[in-house]
Structures are given as C-alpha cells and as structure tokens.
Amino acid sequence: MSETPVTHDRLRRLHVAGPELEINGQPLSRLVARVGRTPFYAYDRAALTARVAGLRAALPAEVELHYAVKANPMPAVVGHMAPLVDGFDVASQGELLVALDAGMSPREISFAGPAKTGLELASAVAAGICVNVESELELTRLAAIAERTGWTPRIALRVNPDFELKGAGMKMGGAPRQFGIDAERIPAALESARMLGLALEGLHIFCGSQNLSAEALGDANRKTLDLAARLTDHHRDGFRFVNIGGGYGIPYFPGEKPFDLAAVGAALGGSIAEFRPALGAARIVIELGRYLVGEAGYYVCEVTDVKVSKGQTFAMVNGGLHHHLANSGNFGQVLRKNYPVVVGNRLDAKPVASVTVVGPLCTPLDIVADRMLLPALAVGDLVVVLQSGAYGYTASPQRFLSHPAPVEILV
Ligand SMILES: *Cc1c(COP(=O)(O)O)cnc(C)c1O
C-alpha cells in the first residue's frame, strides 16, 4: 500500500537547494528558531507574487482578478495580496474588516454568503462594498437599510446557475442549492430590485471548486458567460460587472497534475469575444482562492516519538488534524489520500520505509500521512506538509482537544 513520494506532482516541482527545505530563501531551521516552536504555518511571499503574475500572463488582459479571502484570511497574507489583485471577495463581516484593513478599496470588495445577518448587511452598506444578494428577502433587507440610513447599497445578484461544473471537487450549481437565486428566478428578482429602488451593479455566478480539468473549466466559463448574457437581456441598464467565479484547482494528491492554465486563458478569451456583444460593457471578474495561495503554504510539525505496531511504523508529531483538517482527509474528501509530505530538515535522505505519521489527538482520524514511503524518522525531525496555504489554519477545529494553536508566518 506504500506509495513513492514522487507520485506527488508538487514534490517534483519543489525547488530544492540543499538538504534543508527553504521557504522564500529562508532555511527551515532558521524559521523554526524565528518562531521559537513548532507547529507553524509558513507562507511564501514570492510564491504568492509569482502566482498572480502567472495568471496575469495567461488570462485575457481585461479579466479582473479577485482573491477569495476565505482561502487564507491571515491579515499579512491579505495585505500582501491587496496591491497584486484587482479586488477581494469576502464571506463574513470578519473577512470584510480584514479586507478593508489591508487597504483594498471598498469599490473592489464584494460579499457573498447564504445567511448574512442584519449586522453584516448594515456593515457592508456602511463600508460601501458590493453585496452579492442570495435571496429576495435579502433584497428587501437591503432596501430597509437604505431607507433607515440614507446610504445607497451596492448590490449584485448571486445566481444559482442552471448547469454544473463537471469534475469539480465541490459542486455549487445545476441543482437545488442554498447559494444564490435560481437562474430562472433572476428576471423576477431584477423586477423586485427595481420596485425597491435598488440599482443592480452585477451578477455573481460561481459553480464549483477544485477543478483540475482545463476542458471543464473552459466549458464552465463559456456556459457562465452565456447565462450572464441571457440574463443581461432582462436588465435594461446592463451590468457593470459579471463575476464568473473560478474553481481553479491545485494538485494535492498522487497522480494529480496542474491544469493547463494557458488553455483555460485562451478559451476564456474566445468565450468573452463570443458573448461580448450581449454583455455590453460589463467587466469580467474571476475569483480565486486556493489557486492563489494553496501552493505557497507549508505546515511544519515535529516528530515526538516513533514506534512499531504489528509491523507498521508510526511517527508521532506535535501537530495534526486540529491544525490541518484538510490534510487529515476530513474536509470534504471521500477517500483519504496523502498530501505531499517531506522531511524538511533532511530532504536528501532516501525514502526507506512505509511510515504512518499521526498527530496527538485521541482519534484514529488524526493522520498526517498514511503508510507513506519516507526516510527513517527520528525524534526532532521536521515533517512538512506542502500545498497547505489554503483552507488550513482557519478551516481546522483548533479547539478540539485543547492543544495550543499553531503560529502563522509570512516569509
Ligand atoms: C470558497 C469560494 C471561492 C474560493 O474557492 P477556491 O476553491 O478556494 O478557489 C470563490 N468564490 C466563492 C463564492 C466561494 O464560496
């Protein structure tokens, strides 16, 4: 059941200067000393910057790039992204405040989420950001806030599309969903907004996550623009923007490979040209989370014990599921697969044995790496989980079992 580490595409692409892992030019041992303890998350600034540059080069120049803050809301990360991208998408008032603190103009921030509270809507209107409205009741709530405050809400409609993104890790369209307003009800919602005196700026159509097929992504972009064009027919004034979502995936597991970004960019250019006459002057926005930050992040923990049980070697580490739920296989995966893992202080050591790396929690779910071919591990070795920049720190049940929280640093 063991696998060789090289089956992880990310390991093949890991730039290695010596026996020790470097993160943005900093040797891991210096980062451990800087933090003063393990476990910690480290995010690589240069990798974030390079990722955005790669997207800009591959996508049509007119496409605006938003960062979906929920993937990694660490304030320093959000601050680093602010001057690189064209806007932020937030999903709570907490993220809204982080986005504004980071210096992003409120004009370029939008707020989606299916159960926004009155406080969140009032906060969004006060801040002057755009609310992606997810129900007709939410429209009436925004109209009431406008009436009470005299401030003009900025509004887009989130559409539950009538198609689905093939091969997406998490599907969000083409079926009954809590997200957005069904496409066939949008004309009625547009009419409601008019009656309420609310001006609509745009459409938001997001149909899935973690897609690694360039063909499926191109297909979804085309269908999304087609839907936006059809809905534009129902809106006299036209839309100022159409947010066509994203869904760009990164390779996590053995056998997965990065999708062909150049092909997606070229296909998107063709689709925009096809629907441009119907879309008028609407700006085209894409919103990406994990694609921007996922590969820039590392989770670092330390071996505390090694033992053999019935022939299987176990290495215990001081971090695990409570810090990095997704790596444990319990954040949406059906069958658990290993993230790419390296021994960060001994990259040159030969993999010799099948090792199961486990965390400190009293549950068999707390697995860091399952029967992976790794070098012989010793107490003090640094086990590093790659692809950990998105849905790690804030997507994990850190209070479970009351262990200390990990540190986060931006390197
Ligand atoms: C979560 C989310 C995203 C980001 O998804 P990724 O898979 O991280 O790119 C984008 N848009 C919306 C509406 C989301 O809910």
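The values are calculated or read from the model by the stated rules, or taken from the named source; none is laboratory data. Quick caveat, the model's predicted, so the values are computed rather than measured. Note that we place each Cβ from the backbone using ideal geometry, even for glycine, and neighbour counts take in every protein chain shown. Surface accessibility is based on the protein's heavy atoms, side chains included, excluding ligands, DNA and RNA. Shrake-Rupley method; radii C 1.70, N 1.55, O 1.52, S 1.80 Å.
Here are some conditions: (1) in contact with a Phe, Trp or Tyr (Cβ under 9 Å, 6 or more places away or on another chain); (2) open to solvent by 30 Å² or more (accessible area, probe 1.4 Å); (3) not in a helix (DSSP H, G or I). Residue 61 meets all but one. Which one does it not meet?
(1)
Can you give me the number of residues within the range 367-411 that are more than 23 Å from the chain's Cα centre (by Cα) and either under 22 Å from residue 252 (Cα atoms) or aliphatic (A, V, I, L, M) (or both)?
Qualifying residue count for the region: 13.
Does residue 365 meet the test of being under 26 Å from residue 209 (Cβ atoms) and assigned to a loop (DSSP other than H, G, I, E, B)? Break it down stepwise before answering.
On the way: under 26 Å from residue 209 (Cβ atoms): yes; assigned to a loop (DSSP other than H, G, I, E, B): yes.
So residue 365 fits the description; yes.
In the range 322-338, is there at least one residue being assigned to a loop (DSSP other than H, G, I, E, B) and among the aromatic types (Phe, Trp, Tyr)? Can you show your working first?
Keep residues of the range 322-338 that are assigned to a loop (DSSP other than H, G, I, E, B), which gives 322-324, 329-338.
Retained after the next criterion (residues that are among the aromatic types (Phe, Trp, Tyr)): 331.
Yes, because at least one residue in the range 322-338 is assigned to a loop (DSSP other than H, G, I, E, B) and among the aromatic types (Phe, Trp, Tyr).
Any residue that is over 30 Å from residue 382 (Cβ atoms), of a type in the set (D, E, K, R) and open to solvent by 20 Å² or more (accessible area, probe 1.4 Å) - is there at least one of those in the range 246-268?
For the range 246-268, residues over 30 Å from residue 382 (Cβ atoms), of a type in the set (D, E, K, R) and open to solvent by 20 Å² or more (accessible area, probe 1.4 Å): present.
Specify the residue that is surrounded by the fewest Cβ atoms within 10 Å (Cβ to Cβ); the eligible residues are those in the range 186-203 that are more than 16 Å from the ligand (Cβ to nearest atom) and not in a helix (DSSP H, G or I).
For the range 186-203, the residue satisfying everything is 197.
Is it the case that residue 326 is modelled with pLDDT of 95 or more, under 30 Å from residue 217 (Cβ atoms) and touching a strand residue (DSSP E or B) at 6+ places or on another chain (Cβ under 8 Å)?
Against the criterion (modelled with pLDDT of 95 or more, under 30 Å from residue 217 (Cβ atoms) and touching a strand residue (DSSP E or B) at 6+ places or on another chain (Cβ under 8 Å)), residue 326 does not qualify.
Out of the residues in the range 12-29 meeting the condition of being open to solvent by 30 Å² or more (accessible area, probe 1.4 Å) and part of a helix (DSSP H, G or I), tell me which one is nearest to residue 381 (Cα to Cα).
So the first thing to find is which residues in the range 12-29 are open to solvent by 30 Å² or more (accessible area, probe 1.4 Å), and the list is 12-13, 15-17, 19-20, 22, 24-27, 29.
Pick out the ones that are also part of a helix (DSSP H, G or I) and you get 12, 29.
Working: 12: 21, 29: 11 Å.
Here the answer is 29.
Determine if the range 204-225 includes at least one residue that is more than 14 Å from the ligand (Cβ to nearest atom) and of a type in the set (Phe, Trp, Tyr).
Looking for residues that are more than 14 Å from the ligand (Cβ to nearest atom) and of a type in the set (Phe, Trp, Tyr), one finds none in the range 204-225, hence no.
Identify, from the list 272, 284, the residue that is buried (at least 16 other Cβ atoms within 10 Å of the Cβ), part of a helix (DSSP H, G or I) and not assigned by TED's automatic domain parsing to the domain that holds residue 329. Working first, answer last.
Values: 284 fails: part of a helix (DSSP H, G or I).
Sole residue among the options that is buried (at least 16 other Cβ atoms within 10 Å of the Cβ), part of a helix (DSSP H, G or I) and not assigned by TED's automatic domain parsing to the domain that holds residue 329: 272.
Got a sec? Which of 317, 300, 306, 293 is of a type in the set (A, V, I, L, M), buried (at least 24 other Cβ atoms within 10 Å of the Cβ) and more than 21 Å from the chain's Cα centre (by Cα)?
Numbers: 300 fails: more than 21 Å from the chain's Cα centre (by Cα); 306 fails: buried (at least 24 other Cβ atoms within 10 Å of the Cβ); 293 fails: more than 21 Å from the chain's Cα centre (by Cα).
Checking each option against the conditions leaves just 317.
Restricted to the range 362-411, and to residues that are under 29 Å from residue 49 (Cα atoms), among the small types (Gly, Ala, Ser) and out of contact with any strand residue (DSSP E or B) (no Cβ under 9 Å at 6 or more places or on another chain), which residue is surrounded by the fewest Cβ atoms within 10 Å (Cβ to Cβ)?
405
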